[in-house]
Number of protein chains: 2
Amino acid sequence: MYKQSGPKRVVILGGGFAGVYTARQLLKKARPGEITVDLVSMDNFMAFQPLLPEVISGSVGIADTATPIRQILTGATIHLREVESVDVENRRVICSAGFQPHLLELNYDHLVIALGNVCNFQGMTGLAEHAMPFKNLADAITLRNHIIRIMEEADCEKSEAFRRELLTFVVGGGGFSGVEVIAQIHGLIWRARRNYPNINMDECRFILVHSQDRILPEVAAKLGHYAEKQLRKRNIEILLGCRLRSATPRSAILADGREIRTRTLVSTVPSQPHPVVEALIRQQGWQQSTPDGRKRPMVRLPDTPMLQMEGFSDVWAVGDCAQVPLPMKAGQAQAYAPPTAQHASREAVSCARNILADMRGEKGKAFNFFGIGALASLGRRRGVAQILGVCISGFPAWVLWRLVHLGKLPGIYRKFRVGLSWLFDFIFPSDIIQLSLKQSGGIRQEHYETGETVFEQGDVGDRVYVLIKGEVEVMRHENDQVCRLAQLHSGDIFGEMAVLHRSPRNATIRCLEPSEVLSIERHQFDTLIHCLNDLGSSVRATAESRSNCNDKTDV
Amino acid sequence: MYKQSGPKRVVILGGGFAGVYTARQLLKKARPGEITVDLVSMDNFMAFQPLLPEVISGSVGIADTATPIRQILTGATIHLREVESVDVENRRVICSAGFQPHLLELNYDHLVIALGNVCNFQGMTGLAEHAMPFKNLADAITLRNHIIRIMEEADCEKSEAFRRELLTFVVGGGGFSGVEVIAQIHGLIWRARRNYPNINMDECRFILVHSQDRILPEVAAKLGHYAEKQLRKRNIEILLGCRLRSATPRSAILADGREIRTRTLVSTVPSQPHPVVEALIRQQGWQQSTPDGRKRPMVRLPDTPMLQMEGFSDVWAVGDCAQVPLPMKAGQAQAYAPPTAQHASREAVSCARNILADMRGEKGKAFNFFGIGALASLGRRRGVAQILGVCISGFPAWVLWRLVHLGKLPGIYRKFRVGLSWLFDFIFPSDIIQLSLKQSGGIRQEHYETGETVFEQGDVGDRVYVLIKGEVEVMRHENDQVCRLAQLHSGDIFGEMAVLHRSPRNATIRCLEPSEVLSIERHQFDTLIHCLNDLGSSVRATAESRSNCNDKTDV
């Protein structure tokens, strides 16, 4: 197990509110030389979640909701990686490879898990393939681009039926997120309508599908009803007591069999643990009692009030991935902190304090925050708010929503920019720009010069290669000796063993002449051989014959 | 051939300065009912080219250089498509499919070709695969994201050699574009250095590779030398009389054999005609005399001074894809309009005027504009300018550059936003955000419900499918009859015939039960079967056996 003298090493997984604020608090409160902080994040910025729906309509700029982590967090080492696995026995985290094909291994004295959660489409066929998630900034930008593309197509489409299909927008989930998303989709089309003279607002359908009997279950019933009335006024249809059953490229299908022809299906529900968290839950056998008495795996990390994982003194959990119990109130059932930015940032403070207390041999404090309130913008200068039990709706709630979030937004320049965007919203039309970034494909061609290596022994196996033109040799380093195992020619496949077995490359491929290779990304290769029998069996046969070879040339 | 009474139909290909301004002028100058205008563009915005390099450093916002075409062009029909081919005999343009799998056919009375040009990597192995182009907004954003990613990696990379490789930036081409790009890459890293405490400016290498003996050949020699001095002061290396020979994923190789280890190679030279323009040049057999007396195909559309194509009264060419002769000056060789925004927008005005004159039986006017001057920003408040023959350099040139471009930028709000960005540049640090948008892959899974069609007879064949789970039937409509040709089962491939033969689907695929299919995009499928012999031959065998069948089940 990893042990070290000197500063204690704290590793934080996740770059959202919970992770970044825990890191910031730790660095702020620690004594010099007491700790080092490593933060692992997928993005180099922290998205300001409450404003994400506004990105759809363009009320705020694309990058205005993003704060660079390095700007709010100095003194931490930031790794832009995906977390692959957590090894709590050996106090070790494995992260994905970067530019170089080596996994990143981080040892810790304390681990903070703040990975949030991911979309869960279990039991709903086709949703994983055809529904758009709404979780992060990339989702918001993708959705905005998609809707602009839809408007462009609809504007010059002659067929009535197909226009109708294009101009139908379905959002699943009537919580805060779903309500704000449908309102902002409506807002985007409303704001852009003058640019698309052939699109009539009356032929657009906006549908919100919600499983409960009223929307906005997070706030009081009267606010939910107010929101419903406001949305219905704009011809947004609200289907209550209704679930999505499945989806295809051209339709959303409800549990009662109704089919809605659409090209835009957004799902804001439900969520499941991050794969790494799920693996940990499974490994530890954590279970949850359900109302019917059966045991089910936890959907969040079980927490003690100290934010420290039960049975571990060095593993902590904060944010949406953690189930944080709130102090019991007399006569009430156990309540847990809801998955909001408000709670995540408070949990972060609590967690940082408790980690430092633990290091210093002091006593930590239980998490104790019941929330100040909840706010939602309905767009078109309407909102709902419930602050310390008081319900506010309409224009005042909308103003309050803007003011509170402007206040919470990190950075003066960002506040200024968002404030200005909101101001100019009244005066100038917003720009309806469809950004399309070409990304390097999963299947691509690569060129190598003589003497260059395509990959080296010990590298992570993240791609499979086919030699199109040229000659390469297969080399293995063993006991300080280099032996040449084989020479490959055009048409030969290589690199498949490491990918199939999820093991490091056990040989080096070096080019003997300028060579062209086809390179296939791991996931696309998996999908391909899973589905294409011919290709699959030929690849497997090659792999097997190589395995059986005496020299085990499993390149 | 297409003929129509009533308004004349003008079809414009290309959404850059040349295309959009031609459309705008036509709509402005035409009499009511005289014309209709259709514009085909890949993007729904017009990028303000001169500011693109500033997107790299973040001096201007991502979207600030883009003006929505619909905002500056009312009254035209805009098609967001790729141009596939031009049929000048039948006065017809074929464009790619949108959401529905049908090609778009546009008939015209007058055709304006304003497709610009594309990167040409002929003779330079590996550049197509590994060099980043710098042509449009997507390229600028991609480059910025890439460099931020590089800095993130370098900041926590321990290996000296690999850090050096990461922090080496190579730009090919010492014209305006190349000089501005290398200056802005330097600027981005300079501005961001405080966020990356482990990156030292001294370990970064910036290299500009240029084939001629001085940079900025567009302006007077003394300005080129000034720019060179300015860049060298910032430790930007300038390799003169030097060309790129090839590129690999890890290096740029020069013509003299020198290898520069790098992960960032940007090419700003040279360009070749858009594929559609190239096809037209080949078809018409247009040739150009070269200095050595041999004939070569034109690299731009040969033009008369009227911007009307020789031999056609209804085909016009403007912008970078056209070779527009300028009036001869005594004792000088024939000069042509350079490929700048300045000239493109003037050509547009000329072209619109001549098209309307042609329709009205009036006489057109030859293009006659020699340019006002040229400006380049070197970053760090330095620039060069040559206005009506007068050379200016340093801070005044840089201020002039900003003022001129602020003035030219379309739209008050956009001027305001860019002006503000420039102002705040002095006060606030810029946000170093790496935007990564996940895009739907070339290989993906799709879900269909019973009764749904995967594709229909007559559709464009843009994807190949493999049935993973479920059952589908193959149907053909012939002489008002529908016949059932076959039933396919899991593991069967379909849709490959239309893709291999570039023909429309000649049957419909309908699901008999809920089905999962693997869908492979045409280009990725082409690459795959080209390279993977096993897969290729099995696919070809299937296709052949189906062709030979009596019923020709070429689904």
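Is there a residue in segment A:445-462 that is in contact with a helix residue (DSSP H, G or I) (Cβ under 9 Å, 6 or more places away or on another chain) and free of Cβ contacts under 8 Å to residues at least 60 places away in the same chain? No, segment A:445-462 contains no residue that is in contact with a helix residue (DSSP H, G or I) (Cβ under 9 Å, 6 or more places away or on another chain) and free of Cβ contacts under 8 Å to residues at least 60 places away in the same chain. Per the listing B:PRO32, B:PRO53, B:PRO68, the residue uniquely farther than 30 Å from B:GLY174 by Cα and in contact with a helix residue (DSSP H, G or I) (Cβ under 8 Å, 6 or more places away or on another chain) is B:PRO68.
Of the residues making up segment A:450-482, those that are more than 34 Å from the chain's Cα centre (by Cα), of a type in the set (Asp, Glu) and more than 13 Å from B:PRO249 (Cα to Cα) are A:GLU471, A:GLU473, A:GLU478, A:ASP480. Looking at this structure, is B:LEU254 surrounded by 18 or more Cβ atoms within 10 Å (Cβ to Cβ), within 14 Å of chain A (Cβ to nearest Cβ) and either free of Cβ contacts under 8 Å to residues at least 12 places away in the same chain or of a type outside the set (Ser, Thr, Tyr) (or both)? Considered against the rule, which asks whether it is surrounded by 18 or more Cβ atoms within 10 Å (Cβ to Cβ), within 14 Å of chain A (Cβ to nearest Cβ) and either free of Cβ contacts under 8 Å to residues at least 12 places away in the same chain or of a type outside the set (Ser, Thr, Tyr) (or both), B:LEU254 comes out as yes. Restricting attention to segment A:125-142, the residues that are out of contact with any helix residue (DSSP H, G or I) (no Cβ under 6 Å at 6 or more places or on another chain), assigned to a loop (DSSP other than H, G, I, E, B) and more than 8 Å from chain B (Cβ to nearest Cβ) add up to 3.
Considering segment B:438-481, and only residues there that are loosely packed, with under 15 Cβ neighbours inside 10 Å and of a type in the set (Asp, Glu), the residue that is farthest from B:LEU500 (Cα to Cα) turns out to be B:ASP480.
Does B:LEU518 count as within 30 Å of B:GLY187 (Cα to Cα) and either facing chain A (nearest Cβ under 9 Å) or touching a Lys or Arg at 6+ places or on another chain (Cβ under 6 Å) (or both)? So B:LEU518 does not fit the description; no. Look at (1) within 13 Å of chain A (Cβ to nearest Cβ); (2) at pLDDT below 95; (3) in contact with a Gly (Cβ under 9 Å, 6 or more places away or on another chain) and you find that B:ILE78 fails only one, number (2). The criterion of at least 3 residues that are within 30 Å of B:THR248 (Cβ to Cβ), of a type in the set (A, V, I, L, M) and within 9 Å of chain B (Cβ to nearest Cβ) is met by none of the strands (runs of 3 or more DSSP E) wholly inside segment A:371-449. Residues in segment B:304-358 that are on the phi > 0 side of the Ramachandran plot and over 23 Å from the mean Cα position of the chain (by Cα): 2 in all.
Pairs meeting the criteria (first residue in segment A:136-161 and more than 30 Å from A:PHE17 (Cα to Cα) and at pLDDT 90 or above, second residue of a type in the set (A, V, I, L, M) and assigned to a helix (DSSP H, G or I), beta carbons under 7 Å, at least 6 apart or on different chains) are A:ILE150/A:LEU166; A:MET151/A:ILE189; A:MET151/A:ALA192; A:GLU153/A:LEU166; A:ALA154/A:LEU166; A:GLU157/A:LEU166. Only one of the listed residues (B:GLU105, B:GLU84) is more than 9 Å from chain A (Cβ to nearest Cβ), of a type in the set (D, E, K, R) and either crowded, with 19+ Cβ neighbours inside 10 Å or in contact with a Lys or Arg (Cβ under 7 Å, 6 or more places away or on another chain) (or both). That residue is B:GLU105.
For segment B:260-275, enumerate the residues that are at pLDDT 95 or above and either assigned to a strand (DSSP E or B) or not assigned by TED's automatic domain parsing to the domain that holds B:GLY173 (or both). Answer for segment B:260-275, where residues must be at pLDDT 95 or above and either assigned to a strand (DSSP E or B) or not assigned by TED's automatic domain parsing to the domain that holds B:GLY173 (or both): B:ILE260, B:ARG261, B:THR264, B:LEU265, B:VAL266. Taking residues in segment B:399-411 that are touching a residue at least 12 places away in the same chain (Cβ under 8 Å) and among the small types (Gly, Ala, Ser), and partners anywhere that are surrounded by fewer than 18 Cβ atoms within 10 Å (Cβ to Cβ) and part of a helix (DSSP H, G or I), the pairs with Cβ atoms closer than 9 Å and at least 6 places apart or on different chains are B:GLY411/B:ILE72. Output yes when any residue across segment A:204-220 is in a helix (DSSP H, G or I), buried (at least 22 other Cβ atoms within 10 Å of the Cβ) and either among the hydroxyl-bearing types (Ser, Thr, Tyr) or out of contact with any helix residue (DSSP H, G or I) (no Cβ under 7 Å at 6 or more places or on another chain) (or both), and no when none is. Looking for residues that are in a helix (DSSP H, G or I), buried (at least 22 other Cβ atoms within 10 Å of the Cβ) and either among the hydroxyl-bearing types (Ser, Thr, Tyr) or out of contact with any helix residue (DSSP H, G or I) (no Cβ under 7 Å at 6 or more places or on another chain) (or both), one finds none in segment A:204-220, hence no.
Within segment A:359-369, restricting attention to residues that are surrounded by fewer than 22 Cβ atoms within 10 Å (Cβ to Cβ) and within 13 Å of A:PRO305 (Cβ to Cβ), the residue that is farthest from the chain's Cα centre (by Cα) is A:LYS363. For B:PRO32, the criteria (1) outside the structural domain of B:ALA341 (by TED's automatic domain parsing); (2) assigned to a loop (DSSP other than H, G, I, E, B) hold in every case but one, which is (1).
Applying the set (1) charged (D, E, K, R); (2) crowded, with 16+ Cβ neighbours inside 10 Å; (3) in a strand (DSSP E or B) to A:GLU278 leaves exactly one unmet item: (3).
Residue-wise test of (1) among the charged types (D, E, K, R); (2) in contact with an Asp or Glu (Cβ under 8 Å, 6 or more places away or on another chain); (3) outside the structural domain of B:VAL499 (by TED's automatic domain parsing).
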site	(1), (2), (3)
B:ASP64	yes, no, yes
B:PRO68	no, yes, yes
B:ILE72	no, no, yes
B:ALA76	no, yes, yes
B:ASP87	yes, no, yes
B:ILE94	no, yes, yes
B:TYR108	no, yes, yes
B:LEU111	no, yes, yes
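Among residues of segment B:321-346 being part of a loop (DSSP other than H, G, I, E, B) and in contact (Cβ under 8 Å) with a residue 40 or more places away in the chain, the one that is farthest from B:ALA114 (Cα to Cα) is B:PRO327.
Consider A:VAL349 carefully, then state whether it is away from chain B (no Cβ under 14 Å), surrounded by 14 or more Cβ atoms within 10 Å (Cβ to Cβ), part of a loop (DSSP other than H, G, I, E, B) and in contact (Cβ under 8 Å) with a residue 12 or more places away in the chain. It is false that A:VAL349 is away from chain B (no Cβ under 14 Å), surrounded by 14 or more Cβ atoms within 10 Å (Cβ to Cβ), part of a loop (DSSP other than H, G, I, E, B) and in contact (Cβ under 8 Å) with a residue 12 or more places away in the chain.
Quick one: which residue in A:GLU237, A:GLU218 is farther than 30 Å from B:PRO514 by Cβ and acidic (Asp, Glu)? Matching residue, one of A:GLU237, A:GLU218: A:GLU218. On inspection, B:HIS530 does not qualify as assigned to a helix (DSSP H, G or I), closer than 21 Å to B:PHE99 by Cβ, facing chain A (nearest Cβ under 10 Å) and modelled with pLDDT under 90.
The values are calculated or read from the model by the stated rules, or taken from the named source; none is laboratory data. The shown structure was predicted, so the numbers you read here are calculated from the model rather than taken from an experiment. Using ideal geometry, Cβ is built from the backbone for each residue, glycine included, and neighbour counts are taken over all protein chains shown.
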